[in-house]
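Here the structure is laid out as structure tokens; the discussion comes afterwards.
The values are calculated or read from the model by the stated rules, or taken from the named source; none is laboratory data. In this text the structure is predicted, and so the values were computed from the model without any measurement. Cβ coordinates were reconstructed from backbone atoms using ideal geometry, including for glycine residues, and neighbour counts include every protein chain displayed. These area figures cover heavy atoms from the full protein model, side chains too; ligands, DNA and RNA do not enter into them. Shrake-Rupley method; radii C 1.70, N 1.55, O 1.52, S 1.80 Å.
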Amino acid sequence: PDELQQFSEQLEDHQRSLLTDGKTTMLDHAVREHNIFVLSSLYTNIKFENLGRTLGVDAEDAELMCARMIAENRMKGRIDQIDGVITFEGAREVKEVSAAIFLKSQTAAQPPPMHFRESVAARWDERIVKLCTAVEESVDLLIERQPIYTKMLFRSAN
């Protein structure tokens with residue numbers, strides 16, 4: 001959570017905006033959907049209660065997220081509302097389930113097949129690497145140009 005908060009502080013205001021529910025940011029939503037994809041590669045099925053606890057939401061919100069992803073054809077699965085379980089179907093390899101959230105914006109009428117998710121996930125990973133590199137370069141520059149402040153800063157962090 002601390003890393004996510006630090007990352008969130010680096011984002012533009014519109015990237016931190018709240019969704020229509022008034023409590024979830026775009027970043028929170030993207031991370032939760034990504035985590036659902038990861039969990040779908042680890043589990044055949046999972047109770048919404050457990051999924052929600054893992055995502056930091058209640059079971060009903062977890063079910064709604066999964067239902068939306070299935071309806072938008074971004075994930076394959078079956079929802080058993082009586083038992084409160086989702087059974088993940090189709091792709092069982094990580095490269096097939098590590099889809100980026102951007103897929104739905106590419107074409108609303110006909111979403112791309114699941115194998116395109118690999119390239120989208122690769123672009124997502126590339127962006128994360130670029131962000132981390134920029135942060136690291138910024139810290140190196142701070143250390144180089146402000147050594148006294150940096151020593152004070154790192155001393156207070158311990």
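Of all aspartates and glutamates in the structure, those lying under 20 Å Cα to Cα from Lys151, and not within fewer than 8 positions of it along the same chain, are Glu136, Glu137, Asp140. Per-residue 3J(HN,Hα) values for segment 136-146, derived from phi via the Karplus relation 6.51 cos²θ - 1.76 cosθ + 1.60 with θ = phi - 60°, read 4, 5, 5, 5, 4, 5, 4, 4, 5, 8, 9 Hz in sequence order (x marks Gly and Pro).
Distant-in-sequence amide contacts of Gly56, defined by a placed amide H-H separation under 5 Å and a gap of 5 or more residues or a different chain, comprise nothing. Protection proxy ranking for 36-45, 131-140, using the average of other Cβ atoms within 10 Å per residue and placing the highest first: 36-45, 131-140.
Summing +1 for each Lys or Arg and -1 for each Asp or Glu among the other residues whose beta-carbon sits under 15 angstrom from that of Gln146 gives 0. The label point for Asp80 and the one for Thr25, both projected 7 Å from the Cα toward the Cβ, are 3.7 nm apart. Residue separation of Arg127 and Glu12 scaled by 0.36 nm, minus their Cα-Cα distance, works out to 39.9 nm of gained length. Proximity of backbone amide H atoms, modeled 1.01 Å from N, is registered between Asn45 and Phe88 at under 5 Å, excluding neighbours fewer than 5 places apart on the same chain. Between Thr24 and Leu19, the built amide H atoms are under 5 Å apart, and every one of these is 5 or more places off in sequence or on another chain. Here's the list of aspartates and glutamates a cross-link from Lys76 could span, going by alpha-carbon distance under 17 Å and ignoring same-chain residues fewer than 8 apart: Glu33, Glu63, Glu89, Glu93, Glu96, Glu118.
Whole-Hz Karplus values for segment 34-41 come out as 4, 5, 5, 4, 4, 4, 5, 7 Hz, taken residue by residue from phi with 6.51 cos²θ - 1.76 cosθ + 1.60 and θ = phi - 60°; glycine and proline positions read x. Counting only protein heavy atoms and using a 1.4 Å probe, the accessible area of Ile128 comes to about 60 Å². Expressed as a whole percent, the accessible area of segment 13-56 that falls on carbon and sulfur atoms is 52 (1.4 Å probe). Taking a Cβ cut-off of under 15 Å around Gly84, the surrounding Lys, Arg, Asp and Glu residues balance to a net charge of -4, with basic ones at +1 and acidic ones at -1. Measuring with a 1.4 angstrom probe and ignoring ligands and nucleic acids, Thr87 comes out at about 30 Å² accessible.
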